[in-house]
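> Right, I'll just put the structure down here and ask away after.
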Amino acid sequence: MSKSILILPGDGIGPEIVKEAVKVLEHLREHHGLAVELSEALVGGAAIDATGRPLPEDTLAQAKAADAILLGAVGGYKWESLDIAIRPEKGLLGLRAELGLFANLRPALLFEELANASTLKPEVVAGLDILIVRELTGGIYFGQPRGVRTLENNERQGYNTLVYSESEIRRIAHVAFQAAQKRNKRLCSVDKANVLECTELWREVVTQVGTEYPDVELSHLYVDNAAMQLVRAPKQFDVMVTTNMFGDILSDLASMLSGSIGMLPSASLDVNNKGMYEPIHGSAPDIAGQNKANPLATILSVAMLLRYSLGEAALADKVEAAVKQVLQQGLRTADICAEGETPVSTVVMGDAVVKALDAIA
Ligand code: IPM
Ligand code: MG
């Protein structure tokens, strides 16, 4: 039976990179037996322009009905002055919340061909393979109350709430422990338990859940130390699990270990492994429409989609191998290009991946 994939290109470089990822999906459908139906809808700034809202009801309904969702990126200068409640980012956050996509998997993997693209020394990052498991539907991103209020002295005060219930911590901990079981069996939980009660509870609950996974070695770090360790000696980590906001920050940091934020895919999963897949980078409005952006993070997100939501592990392997092959061929978009090398365009990179798919057994 054919599976349905909803494509949400979004804003900025979103449409360009998603187009290359769709080429990959279509090629797998035409030539490698993948049974999928693709449809497209609006989200983010593009949806605001067309309907006044970042997450139109029609888009949400289509997202709920689809087997998986592929998203580009949202946001841009054009919408920055809008009220925060209706900005493009709310489209993305609304999808995460409405679809219950609480488990965000962000692998930071260094392709050996790119060891020189990292700003860190090659020996520090060579062989890097970390999985960041970020809680995605709770914490300070969604906590109530929130807002800006005016105090008695007429000064304004902004406030947000960091809140996690035990069940929210428990379910993301299970995801992380199970991911660690399939990898090198080490899990580092990141919190700020020395200052924030909420993450003191986080540490306690993760430790409790850990008793169910005696084969996984659990450690804990405060987030400031974790950031430092990620830059100092990143290869000490296997799986990391953390809150929504800490995960947002640490995953951008980890992306640079792998050479470029343009390389890293992500999966956001619900309890049934239905998921939304997107590159971890943003909409990069400064280079939008210039055919310069790196489509590989989005193409690697297609691989995750095939693996986690469609159960097509062999095709996922094929897409990852194709990406590796184009890197071996020396193709580099501007973000991963060393001095003296000539960058290729978004479209050339996408076409090369499609071509490589057929060369892989
Ligand atoms: C990410 C992004 C989003 C986030 C923004 C665009 C709302 O930075 O997916 O990491 O903060 O979660
Ligand atoms: Mg982010």
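> What's the number of the condition Asp252 fails, among (1) surrounded by fewer than 23 Cβ atoms within 10 Å (Cβ to Cβ); (2) closer than 18 Å to Pro107 by Cβ; (3) assigned by TED's automatic domain parsing to the domain that holds Ala21?
The number of the failed condition is (3).
> On to the next question. Which residue is least open to solvent (accessible area, probe 1.4 Å), if the candidates are limited to region 268-316 and must be in contact (Cβ under 8 Å) with a residue 24 or more places away in the chain and in contact with a Lys or Arg (Cβ under 7 Å, 6 or more places away or on another chain)?
Ser268
> Checking Ala97 against (1) surrounded by fewer than 20 Cβ atoms within 10 Å (Cβ to Cβ); (2) within 20 Å of Cys188 (Cα to Cα); (3) in contact with a Ser or Thr (Cβ under 6 Å, 6 or more places away or on another chain); (4) hydrophobic (A, V, I, L, M, F, W, C), which test does it fail?
Of (1) surrounded by fewer than 20 Cβ atoms within 10 Å (Cβ to Cβ); (2) within 20 Å of Cys188 (Cα to Cα); (3) in contact with a Ser or Thr (Cβ under 6 Å, 6 or more places away or on another chain); (4) hydrophobic (A, V, I, L, M, F, W, C), only one is false for Ala97: (2).
> Taking Ala352 as the residue in question, decide whether it is away from ligand 2 (no atom under 16 Å from the Cβ), hydrophobic (A, V, I, L, M, F, W, C) and at pLDDT 95 or above.
So Ala352 fits the description; yes.
> Look at region 42-97 and say how many of its residues are among the charged types (D, E, K, R) and either closer than 12 Å to Leu8 by Cα or touching a residue at least 12 places away in the same chain (Cβ under 8 Å) (or both).
Adding up the residues that qualify gives 9.
> Then there's this: Within region 128-150, work out how many residues are in a loop (DSSP other than H, G, I, E, B) and away from ligand 1 (no atom under 16 Å from the Cβ).
Counting residues in region 128-150 that are in a loop (DSSP other than H, G, I, E, B) and away from ligand 1 (no atom under 16 Å from the Cβ) gives 3.
> Still on this structure: When you go through (1) away from ligand 2 (no atom under 16 Å from the Cβ); (2) at pLDDT 95 or above; (3) crowded, with 22+ Cβ neighbours inside 10 Å one by one for Ile336, which number turns out not to apply?
(2)
> Does Arg106 meet the test of being modelled with pLDDT of 95 or more, part of a helix (DSSP H, G or I), within 16 Å of ligand 2 (Cβ to nearest atom) and of a type in the set (D, E, K, R)?
When the stated conditions are applied, Arg106 does not pass them.
> Still on this model: Hey, can you tell me all the residues within region 221-249 that are in a helix (DSSP H, G or I), touching a strand residue (DSSP E or B) at 6+ places or on another chain (Cβ under 7 Å), open to solvent by 10 Å² or more (accessible area, probe 1.4 Å) and hydrophobic (A, V, I, L, M, F, W, C)?
Val223, Phe246
The rows are residues; the columns are (1) at pLDDT 95 or above; (2) outside the structural domain of Met240 (by TED's automatic domain parsing); (3) in a loop (DSSP other than H, G, I, E, B); (4) open to solvent by 50 Å² or more (accessible area, probe 1.4 Å).
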{"site": "Glu152", "(1), (2), (3), (4)": "yes, no, yes, yes"}
{"site": "Tyr164", "(1), (2), (3), (4)": "yes, no, yes, no"}
{"site": "Val175", "(1), (2), (3), (4)": "yes, no, no, no"}
{"site": "Gln178", "(1), (2), (3), (4)": "yes, no, no, yes"}
{"site": "Arg183", "(1), (2), (3), (4)": "yes, no, yes, yes"}
{"site": "Val190", "(1), (2), (3), (4)": "yes, no, no, no"}
{"site": "Ala193", "(1), (2), (3), (4)": "yes, no, yes, no"}
{"site": "Thr199", "(1), (2), (3), (4)": "yes, no, no, no"}
{"site": "Trp202", "(1), (2), (3), (4)": "yes, no, no, no"}
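> Of all residues in region 320-361, how many are touching an Asp or Glu at 6+ places or on another chain (Cβ under 6 Å) and either under 13 Å from Ile299 (Cα atoms) or aliphatic (A, V, I, L, M) (or both)?
Going through region 320-361 one residue at a time, the tally reaches 3.
> Could you check how many residues of region 19-41 are closer than 15 Å to Val319 by Cα, touching a residue at least 60 places away in the same chain (Cβ under 8 Å) and of a type in the set (A, V, I, L, M, F, W, C)?
Looking only at that region, the number is 5.
> Given Pro285, Pro234, Pro265, Pro279, which one is modelled with pLDDT of 95 or more, within 14 Å of ligand 1 (Cβ to nearest atom) and not assigned by TED's automatic domain parsing to the domain that holds Leu8?
Pro265
> Moving to a separate point now. If we keep just the residues of region 284-306 that are farther than 30 Å from Asn272 by Cα and part of a helix (DSSP H, G or I), which is nearest to the chain's Cα centre (by Cα)?
Ranking the candidates gives Pro285 first.
> Could you tell me which of the residues Ile280, Ile249 is within 15 Å of the chain's Cα centre (by Cα), closer than 26 Å to Ala356 by Cα and within 16 Å of ligand 2 (Cβ to nearest atom)?
Ile280
The values are calculated or read from the model by the stated rules, or taken from the named source; none is laboratory data. The structure presented is a predicted model; accordingly, all values stated were derived computationally and were not measured. Every residue, glycine as well, gets a Cβ built from its backbone with ideal geometry; the counts of neighbours run over all protein chains shown. In case anyone asks, the SASA skips ligands and DNA or RNA and just uses the protein heavy atoms, side chains included. Shrake-Rupley method; radii C 1.70, N 1.55, O 1.52, S 1.80 Å.
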